[in-house]
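K.L.:
What follows is a structure written as C-alpha cells; I'll ask about it next.
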Amino acid sequence: MVETLHTDIAVVGAGPAGLAAALALAREDARVALIGPAPPLRSQQFLDTRTAALLASSVDMLKALGVFEALLPQAAPLKAIRIIDASGSLLRAPDLEFRASELELEAFGYNIVNSALVEALYARAVATLPQLQPSNVERIEFSPTKAMLSGEDGWRIATRLVVGADGRNSICRKAAGIPASEQRYGKAAIATSFTHRAPHQGVSIELHRRGGSITTVPLADERGSSVIWIDETAEIERVMRLEATGFEHGLQLRLDGVLGQVREVGARAHFPIVRRAAESLVGRRTALVGEAAHILPPIGAQGLNLGLRDAATLADCVSAARKRGGDPGSDDVLNAYDRARKLDVLTRTYGIDLLSRSLLSGFLPLHAARGIVSYGLNVLPPLRRLVMRIGMMPPTELPSLMRPGAHS
Ligand SMILES: Cc1cc2nc3c(=O)[nH]c(=O)nc-3n(C[C@H](O)[C@H](O)[C@H](O)COP(=O)(O)OP(=O)(O)OC[C@H]3O[C@@H](n4cnc5c(N)ncnc54)[C@H](O)[C@@H]3O)c2cc1C
C-alpha cells in the first residue's frame, strides 16, 4: 500500500519560476512540497545556454529569498541598452540609447547565467523546504477539497493548492482544463555566449536586421557577453550546424564589429520563437506561474521577470488567505491571484508580440514607423524616461517581495 503525503501547497516544476514560487510560499509557514526533477548541475555537461536579464524588482525578490549574494560574482549590472538599426532600410532608424543613469539608477538590473540562478535557488530549496519529490508528476486528480498528484515509483501527494510551474508543456495546465492560445513567427533564436576584444561597459546592444536581430547582454567578465541571435527557423538551423570556426565567423559578421574581435564562443542551443498565453492563470485548485502560463519571444527580456512576478504575487494572495485562516486552494485565493496578474501578463504578452512583429518584419511602412518612434525617443528625454519606466515596472502594484527593502 502506497503512503500518501499530505501538504498545503505542491509546487510542480523545479525551474526558476517554480523554485522562486516554492521559496516565496514557504516563507509564509505553509507546508510546501516541491515536485520535479532536480536541475542538472553546471559541472555536468549542461546545455541551458540562456542567461536572464533580470530587472531591479526581480533582483529585490532574489535578495529577499536569500540567493542573490551567492549569485553576485556571476551577475553583470545592465547600465545601458543601445539599439542599432542595421537593416540597411531606406528608412533606417537612428541609433538609440537608454541609460539607467537617466532614471538615477546605477543599473536597470542584472544579467545572470540561467544555470547559476537555478542552481542557487535549488540549493536554497534543498536547505529550507521540508518536502522534495525529485521526479515528474504523471497524474493529477481533483476532488472538491484537494488535488491528488502521483508519479513515477507510485508516490502520491495530496494537496490543497497545485502551483503549476512545469514549463511549456505543463501537465498542470492541461489537468486543470485551462486552454491556451499560441502564435508562431516562423523564427528561432540561438542562445550562446562569447568573449570579445572590447569591454562591454555594462551595455546591452541590440542590432536589428531585416527579418531578424542579434542582442548581446553583458556577462560578469568585462570581455564576455551572452547573445541571442534571431532569424528565420531554416537559417538558424543552418547556423546551428556550423563548426565552431564557421559559427564564430558568422557571429563576427553579424555583429558588425560592435564588441571588437569575437574570441571564444560557448555551447549553443536554439529555441523556437512562440507566444503562448493561457486563457486564465487559474483552474481547479491550480495556479499557473512562469512558462506554464505564458511564453514570450525573447525580445525585451520580459519572460522570467514576468514569471517571478507571478510567484511573488501568488505568495501575497496565499499569505492574505492564511491570515484569515483560509484554504490556499480556495476559489477566493485563486480569483484574487488571477485578478492581480491579468493586466501585467496581458500587457507584456501582447506588447512583446507587437514589438516582435515590428522588429522582425521586413515591411517598409513598419520601418518608417520605427524610425519616427526612435527619432522621437532620441530628441525627447521625458518620453525616453517614460518608456524606460514602462519597461521596468509592471502596470500594477509590485508584490511585497519585490518592493525595495523587502530583504532587509
Ligand atoms: C533565448 C532566450 C533568452 C531569454 N532571456 C530572458 C531574459 O533575458 N530575461 C527574462 O526575464 N527571461 C528570458 N527568457 C525567458 C526565460 O528563460 C524563461 O521565462 C524561464 O526560463 C522559464 O522558467 P520556468 O521555470 O517557467 O520554466 P522551465 O525553466 O521550463 O522549468 C520548468 C520545470 O518544470 C519541470 N517539469 C516539466 N514537466 C514536469 C512534470 N510533469 N512534473 C514535474 N516537473 C516537471 C522541468 O523539468 C523544469 O525543471 C529567455 C528565453 C529564451 C528562450
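K.L.:
Taking region 290-312 on its own, how many of its residues are modelled with pLDDT of 95 or more and in contact with a Gly (Cβ under 6 Å, 6 or more places away or on another chain)?
P.N.:
Residues that pass the stated criteria total 4.
K.L.:
Are any residues in region 158-172 farther than 16 Å from LEU306 by Cβ and out of contact with any strand residue (DSSP E or B) (no Cβ under 8 Å at 6 or more places or on another chain), and if so, which ones?
P.N.:
Answer for region 158-172, where residues must be farther than 16 Å from LEU306 by Cβ and out of contact with any strand residue (DSSP E or B) (no Cβ under 8 Å at 6 or more places or on another chain): just ASN169.
K.L.:
Right, next: Among (1) in contact (Cβ under 8 Å) with a residue 12 or more places away in the chain; (2) surrounded by fewer than 19 Cβ atoms within 10 Å (Cβ to Cβ), where does LEU117 come up short?
P.N.:
Result: LEU117 passes all but (2).
K.L.:
Something else about it: Run ARG139 past the list (1) without any contact (Cβ under 8 Å) to a residue 40 or more places away in the chain; (2) in a helix (DSSP H, G or I); (3) within 16 Å of the ligand (Cβ to nearest atom) and report the number of the one that doesn't hold.
P.N.:
(2)
K.L.:
Restricting the search to region 291-342, which residues are within 14 Å of the ligand (Cβ to nearest atom) and open to solvent by 10 Å² or more (accessible area, probe 1.4 Å)?
P.N.:
Within region 291-342, GLU291, LEU296, PRO298, ILE299, GLY300, ALA301, GLN302, GLY303, LEU304 meet the criteria.
K.L.:
Of all residues in region 158-170, which are open to solvent by less than 10 Å² (accessible area, probe 1.4 Å) and either assigned to a strand (DSSP E or B) or over 24 Å from VAL118 (Cα atoms) (or both)?
P.N.:
ALA158, THR159, LEU161, VAL162, VAL163, GLY164
K.L.:
So which of LEU54, LEU19 is of a type in the set (A, V, I, L, M, F, W, C), within 13 Å of the ligand (Cβ to nearest atom), in contact (Cβ under 8 Å) with a residue 60 or more places away in the chain and part of a helix (DSSP H, G or I)?
P.N.:
Exactly one of LEU54, LEU19 is of a type in the set (A, V, I, L, M, F, W, C), within 13 Å of the ligand (Cβ to nearest atom), in contact (Cβ under 8 Å) with a residue 60 or more places away in the chain and part of a helix (DSSP H, G or I), namely LEU19.
K.L.:
Could you identify the single residue in VAL203, VAL227 that is crowded, with 23+ Cβ neighbours inside 10 Å and of a type in the set (Val, Ile, Thr)?
P.N.:
None of the other options fit; the residue is VAL227.
K.L.:
For residues that are under 24 Å from VAL318 (Cβ atoms) and either within 11 Å of the ligand (Cβ to nearest atom) or hydroxyl-bearing (Ser, Thr, Tyr) (or both), tally how many sit in region 164-199.
P.N.:
Here the count works out to 10.
K.L.:
How many of the residues in region 24-78 are among the aromatic types (Phe, Trp, Tyr) and either at pLDDT below 90 or open to solvent by 60 Å² or more (accessible area, probe 1.4 Å) (or both)?
P.N.:
1
K.L.:
In addition: Could you say which residue among LEU62, LEU47 is part of a loop (DSSP other than H, G, I, E, B), within 13 Å of the ligand (Cβ to nearest atom), of a type outside the set (Val, Ile, Thr) and under 30 Å from GLU222 (Cβ atoms)?
P.N.:
From the options LEU62, LEU47, the qualifying one is LEU47.
K.L.:
May I ask you to verify whether ALA176 is buried (at least 19 other Cβ atoms within 10 Å of the Cβ) and either within 21 Å of the chain's Cα centre (by Cα) or of a type in the set (Val, Ile, Thr) (or both)?
P.N.:
no
K.L.:
Then there is this: Give me a count of the residues in region 120-136 that are open to solvent by 40 Å² or more (accessible area, probe 1.4 Å), in a loop (DSSP other than H, G, I, E, B) and within 12 Å of the ligand (Cβ to nearest atom).
P.N.:
Residues in region 120-136 being open to solvent by 40 Å² or more (accessible area, probe 1.4 Å), in a loop (DSSP other than H, G, I, E, B) and within 12 Å of the ligand (Cβ to nearest atom): 2 in total.
K.L.:
So which residues in region 142-163 are more than 12 Å from the ligand (Cβ to nearest atom) and either in contact with a Cys (Cβ under 8 Å, 6 or more places away or on another chain) or among the charged types (D, E, K, R) (or both), if there are any at all?
P.N.:
Residues satisfying the conditions are LYS146, ASP153, ARG156, ARG160.
K.L.:
Please work out if ARG238 is within 27 Å of GLU97 (Cα to Cα) and more than 15 Å from the ligand (Cβ to nearest atom).
P.N.:
No; evaluated as a whole, the condition is false for this residue.
K.L.:
Step by step: first the residues of region 248-276, then only those that are part of a strand (DSSP E or B) and crowded, with 20+ Cβ neighbours inside 10 Å, then the one that is nearest to the ligand (Cβ to nearest atom). Which residue is that?
P.N.:
ILE273
K.L.:
Looking at region 1-15, which of the residues that are out of contact with any Lys or Arg (no Cβ under 6 Å at 6 or more places or on another chain), open to solvent by 30 Å² or more (accessible area, probe 1.4 Å) and touching a residue at least 24 places away in the same chain (Cβ under 8 Å) is nearest to the ligand (Cβ to nearest atom)?
P.N.:
That would be LEU5.
K.L.:
Report whether or not ILE171 is in contact with a helix residue (DSSP H, G or I) (Cβ under 8 Å, 6 or more places away or on another chain) and among the aliphatic types (A, V, I, L, M).
P.N.:
no
K.L.:
Based on what the data block shows, is ALA198 touching a strand residue (DSSP E or B) at 6+ places or on another chain (Cβ under 9 Å) and either hydrophobic (A, V, I, L, M, F, W, C) or open to solvent by less than 40 Å² (accessible area, probe 1.4 Å) (or both)?
P.N.:
For ALA198, the condition - touching a strand residue (DSSP E or B) at 6+ places or on another chain (Cβ under 9 Å) and either hydrophobic (A, V, I, L, M, F, W, C) or open to solvent by less than 40 Å² (accessible area, probe 1.4 Å) (or both) - is not met.
The values are calculated or read from the model by the stated rules, or taken from the named source; none is laboratory data. Remember, predicted model here, so these are calculated numbers, not experimental data. Reconstructed Cβ throughout: ideal geometry from the backbone, glycine too, with neighbour counts over all protein chains shown. Just the protein is used for accessible areas: all its heavy atoms, side chains included, with ligands, DNA and RNA removed. Shrake-Rupley method; radii C 1.70, N 1.55, O 1.52, S 1.80 Å.
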